[in-house]
Amino acid sequence: LRPDCPEQERAYADALAVLLMDGPVKAQEAWETICSTWKRDPYAPLFYAMLLRDGFDGQGNPGEGQKEAVRVVEAVLKERPGSQAALFMRALLEEVAPSISPETVEIARRAVAANPFSASAHHLLGHCLFRTGDYEGASAAFKESENLCLAWEKAENVPPALDDAYFRSILYRAVSEFCAGHYKKAEAIASRAASVPLDKKHPLAPGTLLQLWEARTLPARLMLARPGLPRQALVLKAFPGPLPKGFPDLSNGMTAVASQYMGACYAARQGRTDAVASAFDKMSGILRLLMDGADAARKQMSVSYWARCLQTGSLYSSEIRSLMFPDSANVWMSEAIRSQRFSSLLLPPVVPYPAEWVLARAYLKSGKFRECADMCEQALKRFPNHAGVLETLDKARSSGK
């Protein structure tokens, strides 16, 4: 409303207000107007494309909005082929595509080359490489992002609690190393993220929330995801201690979910079916309590992490069911397989493996080698080159000869 504010800046502010008050559909019109009014504005088309995108259907086909968003960004790149913002947006449009093409990876590399000091560009490249199964390349890209974040913290005297980008990259790097089969390295990286002290001055800061919901339990969750369980004493040692007072306690849900899953895994190994059933009942109770926590999650700025916790608990519940009834593992895992999502740009997948791998190992254990191999092939479509899946596939093929 300031009279000295340029008209174009007022238009940007108005478009943002429309987005916040009326939603993305109405905001599309506002940004389209900016694009047509200031035809040489290099950034308005990128906002417009972001609002146009509508993802992919169940068969992996892009929606009409998705196609139009690509056309809009490619038109910008035709005019400005070196624009880091446009390159970044073009790669970002494929973030949750069923598969990431080599062309998209190359665009992400160009975004990094256009601004090698952009932590977010390195993180985007890491995400694209992860999705293609280049886990070591992904880990290297996430490491670059981490280093840039740490340098920024030091230069600006910013505490880790305010640097969520650092935690996003280091957590994703740990999962990348796990998928590459480097289990000890993955756990060491996760432990480093988990060891960052919680900042009492910033209990609801972006970095703090990632510590609470994701980093504190990741070392234990990675251990429990290994093909062969380590000694239970090691996993217990990796679990976080009690949450200090003053921090949002809903995040204890992730610890509770992982704890019940751990109990079920070791009880199944020991043949204690009653203890497995008990863990399932407790997990169901935890999830019911968590589902009632929507209001608390909003107040604690944690809705997305709360939703991820529910997804994790749901998948763990399916796995526990398959431990209870191994002969019908396909029944219990089928819903988990259907509902598992591709990892997003901001965080790694809720578990560091495709749900199909759980069923494949159940088939392998029961001597159903062809079914195991088929399920591994399906798993590799979601997590290409996943070391654990490849190992299981090799065992199925060699045993089935």
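Taking the listed residues Arg338, Arg382, Arg308, the one that is under 30 Å from Ser120 (Cα atoms) and modelled with pLDDT under 95 is Arg382, with no other qualifying. Taking residues in the range 353-375 that are in contact (Cβ under 8 Å) with a residue 60 or more places away in the chain and closer than 15 Å to Val331 by Cα, and partners anywhere that are buried (at least 24 other Cβ atoms within 10 Å of the Cβ) and not aromatic (Phe, Trp, Tyr), the pairs with Cβ atoms closer than 8 Å and at least 6 places apart or on different chains are Arg361/Cys372.
Looking only at the range 172-187, residues that are farther than 11 Å from Met223 by Cα and either surrounded by fewer than 24 Cβ atoms within 10 Å (Cβ to Cβ) or without any contact (Cβ under 8 Å) to a residue 12 or more places away in the chain (or both) come to 4 in all.
Okay, residues lined up against (1) under 22 Å from the mean Cα position of the chain (by Cα); (2) of a type outside the set (Val, Ile, Thr); (3) under 27 Å from Tyr135 (Cα atoms):
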position: Lys185; (1), (2), (3): yes, yes, yes
position: Leu209; (1), (2), (3): yes, yes, yes
position: Ala215; (1), (2), (3): yes, yes, yes
position: Met223; (1), (2), (3): yes, yes, yes
position: Pro230; (1), (2), (3): no, yes, yes
position: Leu250; (1), (2), (3): yes, yes, no
position: Phe280; (1), (2), (3): no, yes, no
position: Gly293; (1), (2), (3): yes, yes, no
position: Ala297; (1), (2), (3): yes, yes, no
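Counting only helices (runs of 4 or more DSSP H) wholly contained in the range 178-249, the ones carrying 3 or more residues that are under 13 Å from Ala161 (Cα atoms) occupy 206-210.
Taking the stated definitions as given, is Tyr353 under 25 Å from Arg397 (Cβ atoms) and outside any helix (DSSP H, G or I)? Criteria met by Tyr353. Could we say that Thr273 is over 19 Å from Tyr353 (Cα atoms), touching a residue at least 24 places away in the same chain (Cβ under 8 Å) and surrounded by fewer than 15 Cβ atoms within 10 Å (Cβ to Cβ) here? For Thr273, the condition - over 19 Å from Tyr353 (Cα atoms), touching a residue at least 24 places away in the same chain (Cβ under 8 Å) and surrounded by fewer than 15 Cβ atoms within 10 Å (Cβ to Cβ) - is met. All conditions but one from (1) surrounded by 13 or more Cβ atoms within 10 Å (Cβ to Cβ); (2) assigned to a loop (DSSP other than H, G, I, E, B) apply to His122; the one that does not is (2). Going by what's in this entry, would Leu236 be described as loosely packed, with under 14 Cβ neighbours inside 10 Å, within 30 Å of Lys365 (Cα to Cα) and aliphatic (A, V, I, L, M)? The answer is yes for Leu236.
Is it true that Pro348 is in contact with a His (Cβ under 8 Å, 6 or more places away or on another chain), in contact (Cβ under 8 Å) with a residue 24 or more places away in the chain and not polar (S, T, N, Q)? When the stated conditions are applied, Pro348 does not pass them. Is there a residue being among the β-branched types (Val, Ile, Thr) and either surrounded by 15 or more Cβ atoms within 10 Å (Cβ to Cβ) or not in a helix (DSSP H, G or I) (or both) anywhere in the range 328-336? No, there is no match, as no residue in the range 328-336 is among the β-branched types (Val, Ile, Thr) and either surrounded by 15 or more Cβ atoms within 10 Å (Cβ to Cβ) or not in a helix (DSSP H, G or I) (or both). When residues in the range 55-75 are screened for being of a type in the set (A, V, I, L, M) and surrounded by fewer than 16 Cβ atoms within 10 Å (Cβ to Cβ), 1 of them pass. Of the residues making up the range 127-137, not a single one is outside any helix (DSSP H, G or I), more than 30 Å from Val70 (Cα to Cα) and touching a residue at least 40 places away in the same chain (Cβ under 8 Å).
The values are calculated or read from the model by the stated rules, or taken from the named source; none is laboratory data. Everything numeric in this text was worked out from a predicted model, so none of it was measured. Note: ideal-geometry Cβ built from the backbone for every residue, glycine included; neighbour counts use all protein chains shown.
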